[in-house]
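Have a look at the structure below, then the notes.
Laboratory data are not the source of any read-out in this text; all were calculated from the coordinates shown. As the structure is a prediction and not an experimental result, all values here were calculated from the model.
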């Protein structure tokens, strides 16, 4: 019973102090502080996971030389055998701004 009363009293003191501090600073500051705290909660485990993952990888300097295959010469580029298409503009209007021009009429 004695320990429970001390815990309730300590929680009440922490709440009262937090209430007083929360009344003095703006809501934006509290939001930024909360984002910082939650970012740290996420960032620390991620950094620890990355640090242990990098340590578990095998680093061998000479393993690249044995695995290399002979490289083939690049083949020359072959032209496409598609006939050239010419378009004739049916409308002889002057060029319009892109906002006013809705459709370009063409004939194949």
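Label region 2-59 by shape, choosing from rounded, prolate and oblate, from the square roots a ≥ b ≥ c of the eigenvalues of the Cα gyration tensor; if a/c is under 1.5 it is rounded, and otherwise prolate applies when a/b is larger than b/c, oblate when it is not. Since a/c reaches 1.5 but b/c is at least a/b, the shape of region 2-59 is classed as oblate.
Here the extension length gained between residue 9 and residue 51 equals 11.0 nm, from 0.36 nm per residue of separation less the Cα-Cα distance.
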